[in-house]
Amino acid sequence: MNFELVKATLTQSKGDIVVVGVFKGEDAGKSLKALDAKLPKALEDGIKKHLESEGFKGKVSEIVCVPTFGHIDCPKLMIVGLGSKEEFNPNIIRKTSASVARKVKGHGSTAKVIMILPHEVKATKARSGKSPAKATIDGAALAKAAVEGWVLGKFEFDKYKSQKDKSDQPTGKRAASVKKGEISLALTGITIDTKTFQKAVKEATAVAEATIFARALVDEPPVYMTPTRLSIEAKEIAKDHGLTCTVLSTPQIEKLGMGCFLGVARGADEPPKFIVMKYTAPKAKKTVAIVGKGITFDSGGLSLKPAQSMERMKYDMSGAACVLGVMRVVGALKPNVSVLAVVAATENMPSGKALHPGDVIRAMNGKTVEVNNTDAEGRLVLADALTYAIGQKADELIDVATLTGAVVTALGRAAAGIMGTNQDLIEKIMEAGQDSGERFWQLPLFDEYKQALHSDVADLMNAGSRGEAGSSCGGMFLKEFVENKPWAHLDIAGVAWSEKNKDELNKGGTGFGVRTLSRYLMSH
């Protein structure tokens, strides 16, 4: 994709479309006049009248297109709502940039869009208990948000459609091959030097394309995106970015004693794959393990899901997709911390070999688990994956998984649940999420929840009390496998899939967590 930094006022902008943001409650004509005193009065009045006729309110991502009728060099203005000025932050630019990209997609191979960013807005909201910042919002943050949003908004998974949009899509043999863009984006209005802008574009593009990669993995049909295919994608990432990648097959998994992982896998004809990737940073002071749930299709096993609940279950490997996406960013941007990525990939299927309710299996760390619900399989594969990461000398553990339906009941589709054993780690991830436009809400891990995991015949039962604190009980189960390591668990079941295009999200897999974990790792 072609991104550039230009210095141009509204009337000087030479492109096919000029995008200008207007805050809620502001007079659009006066706002545009404030941007450029040379704006013709006839155009100012025409814009104001057109917006009034369209009922424009300035809500976030609200868009109205206005022809300029030759009053300025650019033939079309796109007025975009920025919401309340008091609540403005770079996340708003990410949302609006994505909405604009979706609007202009397919406009033409030579189209140039110029986006004028609102650089004079002050940061007013307090963060993490600190006093509100008084300075102008950082230009690099605005540039990153605009580029991220632009890349994300242009994505649509149409690999299997006979009539395809020819803009930026994953195509070909690999799920993440991205074509070069056909519409260029120029940014103006921000105070930023060329070197800083280029760095911002590089980082934003790496993160956004990795998010698209994760989305494409999730959107692929489960007959294609099998554990084997997922392992091939991991190897390709490692090859492209100089990472190490090891894929363990069933005999090697058995030798390691991963009874929980193998218990889930035994009902499927597709062979399981245990994927391990590693980035070693020079002079790194610690290794962060990111662990992904990789259930490439979840039927529920013998605790079979209803048909309607099974429709989207190709998305149950969203945690694995997130982890692989993050490793693309790690490989491209090279953070100052070593990263170990672990993905336990399998299907959860019913068959004559499948795990029975009532079976007792032994985890890699030696603990025994009575299985009372084969549809609570994610925690089983994560248990062995977390134990493996500890054995590889990881200093910090972060797992990401579509773990429970209960988190959807608790938080809906607005935020992911987060819990863990280290409050500092949890807060840093939540702050990275805030900066990335991905929201989290902390859920408790009270000691009382362990009582729900009591088994009369084994050390633990895999599914806790029905209908009570399901997300926290799932987290409490995982806590049994993290020893004394700093650990955070991200339950993304409610946010890993979207039923509609909205802002920077596309219908289908969302790639949730890639932006947050990438930002967290790059902060070291």
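Please state which one of 323, 339, 371, 329 is assigned by TED's automatic domain parsing to the domain that holds residue 256 and more than 28 Å from residue 199 (Cβ to Cβ).
Working: 323 fails: more than 28 Å from residue 199 (Cβ to Cβ); 339 fails: more than 28 Å from residue 199 (Cβ to Cβ); 329 fails: more than 28 Å from residue 199 (Cβ to Cβ).
Result of the check over 323, 339, 371, 329: 371.
Considering only region 219-235, state which residues are touching an Asp or Glu at 6+ places or on another chain (Cβ under 9 Å) and assigned to a helix (DSSP H, G or I).
Residues of region 219-235 touching an Asp or Glu at 6+ places or on another chain (Cβ under 9 Å): 222, 225-229.
Matches in region 219-235: 227, 228, 229.
Taking strands (runs of 3 or more DSSP E) that do not extend beyond region 236-332, which have at least 1 residues that are buried (at least 24 other Cβ atoms within 10 Å of the Cβ), of a type in the set (Val, Ile, Thr) and within 23 Å of the chain's Cα centre (by Cα)?
273-279, 287-298
Can residue 390 be described as surrounded by 18 or more Cβ atoms within 10 Å (Cβ to Cβ), within 17 Å of residue 256 (Cα to Cα) and touching a Cys at 6+ places or on another chain (Cβ under 6 Å)?
Numbers: surrounded by 18 or more Cβ atoms within 10 Å (Cβ to Cβ): yes; within 17 Å of residue 256 (Cα to Cα): yes; touching a Cys at 6+ places or on another chain (Cβ under 6 Å): no.
So residue 390 fails the test.
Is there any pair linking a residue in region 39-66 that is without any contact (Cβ under 8 Å) to a residue 40 or more places away in the chain and over 21 Å from residue 99 (Cβ atoms) to one that is assigned to a loop (DSSP other than H, G, I, E, B) and β-branched (Val, Ile, Thr), with Cβ under 7 Å and at least six apart or on different chains, and which?
What qualifies is 39/11; 43/68; 43/72.
Would you be able to tell me the number of residues in region 325-336 that are in contact with a strand residue (DSSP E or B) (Cβ under 6 Å, 6 or more places away or on another chain) and over 17 Å from residue 399 (Cβ atoms)?
Qualifying residue count for the region: 0.
For region 494-515, which residues satisfy the criterion of being modelled with pLDDT of 95 or more and touching a strand residue (DSSP E or B) at 6+ places or on another chain (Cβ under 8 Å)?
494, 495, 496, 497, 498, 505, 507, 508, 509, 510, 512, 513
Does residue 80 qualify as being touching an Asp or Glu at 6+ places or on another chain (Cβ under 9 Å) and surrounded by 22 or more Cβ atoms within 10 Å (Cβ to Cβ)?
yes
How many residues are crowded, with 24+ Cβ neighbours inside 10 Å, under 16 Å from residue 420 (Cα atoms) and not β-branched (Val, Ile, Thr) if we restrict to region 479-512?
The number of residues fulfilling the criteria is 6.
Give the residues of region 480-500 that are closer than 18 Å to residue 95 by Cβ and touching a Ser or Thr at 6+ places or on another chain (Cβ under 9 Å), sorted by residue number.
Residues satisfying the conditions are 495, 498.
Quick one: which of 471, 465 is in contact with a Leu (Cβ under 8 Å, 6 or more places away or on another chain), assigned by TED's automatic domain parsing to the domain that holds residue 411 and polar (S, T, N, Q)?
471
Please go through (1) without any contact (Cβ under 8 Å) to a residue 40 or more places away in the chain; (2) in contact with a strand residue (DSSP E or B) (Cβ under 8 Å, 6 or more places away or on another chain) for residue 35 and return the number of the only condition it doesn't satisfy.
If we test residue 35 against (1) without any contact (Cβ under 8 Å) to a residue 40 or more places away in the chain; (2) in contact with a strand residue (DSSP E or B) (Cβ under 8 Å, 6 or more places away or on another chain), just (1) comes out false.
Got a sec? Which of 33, 14 is assigned to a helix (DSSP H, G or I), surrounded by fewer than 22 Cβ atoms within 10 Å (Cβ to Cβ) and at pLDDT below 90?
Numbers: 14 fails: assigned to a helix (DSSP H, G or I).
Result of the check over 33, 14: 33.
Test residue 69 against the criterion of being part of a loop (DSSP other than H, G, I, E, B) and surrounded by 17 or more Cβ atoms within 10 Å (Cβ to Cβ), and give yes or no.
no
Given the criterion under 26 Å from residue 329 (Cα atoms) and touching a residue at least 24 places away in the same chain (Cβ under 8 Å), identify the matching residue among 256, 248, 302.
The match here is 248.
Is it true that some residue in region 209-227 is under 16 Å from residue 385 (Cα atoms), assigned by TED's automatic domain parsing to the domain that holds residue 372, in contact (Cβ under 8 Å) with a residue 40 or more places away in the chain and buried (at least 16 other Cβ atoms within 10 Å of the Cβ)?
yes
The values are calculated or read from the model by the stated rules, or taken from the named source; none is laboratory data. Just so it is clear, the model here is predicted, and its values are computed rather than measured. Note that we place each Cβ from the backbone using ideal geometry, even for glycine, and neighbour counts take in every protein chain shown.
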